[in-house]
Amino acid sequence: MKKVLTVILSCTFTALAVACVFLCYQNAKTGLGNGTATRWNEEVEYLAETISAECNTDKEKIDSFYYWLIDNIEYEYGYNEFFQYFDAEKTLNTRKGLCYDYANLFAAFCRSQGIPCYVVDGYNRYDSLDRHTWNRVYYEGSWWNLDVTSDAISSRQGKTLYGFHPICSYDAEDEDYVITRIY
């Protein structure tokens with residue numbers, strides 16, 4: 001009887017462990033996870049809640065994050081682009097960053113509010129040394145491509161914003177960049 005109980009408990013524990021791994025994988029797969037590539041803390045989550053406090057839909061929340069980043073984070077020219085923090089807290093503390101900082105903070109805001117969002121790395125199709133990071137976010141039943149960094153720079157220069165462009169899936173090819181990583 002003791003062996004049967006031990007086997008049952010072992011199987012139950014194993015099933016729970018597998019379920020936890022599966023759920024964690026599903027969160028990462030859907031762009032909802034708080035992990036090593038894009039991570040946030042309670043301060044970041046609180047700020048996202050504050051920024052989107054008056055919002056009723058995911059689209060309104062996404063827009064509030066997008067415009068907050070454009071208005072509050074500066075592009076850090078001359079920064080060491082080869083050392084990436086992937087740390088939303090660092091970007092908030094300095095209020096500066098490169099494309100991966102903008103993209104990771106945007107993803108942290110979205111994910112902390114349960115909105116699926118990916119960070120996408122790639123290089124220019126015509127210049128492989130031109131590397132860039134941007135986002136793909138899901139709302140209103142569709143995936144959308146957006147580039148907060150480009151729009152923050154364009155906004156300060158009085159240029160037209162890239163905005164949001166519908167795409168068929170989170171992993172759809174990009175016409176300007178070869179995608180090297182989606183996380």
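The values are calculated or read from the model by the stated rules, or taken from the named source; none is laboratory data. All of these numbers come straight from a predicted model, not from anything done at the bench. All Cβ positions, even for glycine, are placed from backbone atoms using ideal geometry, and neighbour counts span all protein chains on display. We work out accessible area using only protein heavy atoms, side chains counted, and drop any ligands, DNA or RNA first. Shrake-Rupley method; radii C 1.70, N 1.55, O 1.52, S 1.80 Å.
Brief remarks follow.
- Within segment 139-150, tally of residues that are open to solvent by 20 Å² or more (accessible area, probe 1.4 Å) and in a strand (DSSP E or B): 3
- Residue within segment 100-111 that is modelled with pLDDT under 95, part of a helix (DSSP H, G or I) and either open to solvent by 50 Å² or more (accessible area, probe 1.4 Å) or among the aromatic types (Phe, Trp, Tyr) (or both) present: yes
- Selection count, segment 151-160, where residues are touching a helix residue (DSSP H, G or I) at 6+ places or on another chain (Cβ under 8 Å) and surrounded by 16 or more Cβ atoms within 10 Å (Cβ to Cβ): 2
- Some residue of segment 111-122 being of a type in the set (Phe, Trp, Tyr) and closer than 23 Å to residue 77 by Cα: no
- Hits in segment 103-119 - residues which are among the hydroxyl-bearing types (Ser, Thr, Tyr) and within 9 Å of the chain's Cα centre (by Cα): 118
- The test for being on the phi > 0 side of the Ramachandran plot and open to solvent by 30 Å² or more (accessible area, probe 1.4 Å) does not hold for residue 163.
- Taken as a whole, the structure leaves residue 135 outside the set of residues that are over 23 Å from residue 96 (Cα atoms), polar (S, T, N, Q), at pLDDT 95 or above and surrounded by 13 or more Cβ atoms within 10 Å (Cβ to Cβ).
- Of all residues in segment 105-144, those that are closer than 13 Å to residue 63 by Cβ and among the charged types (D, E, K, R) total 1.
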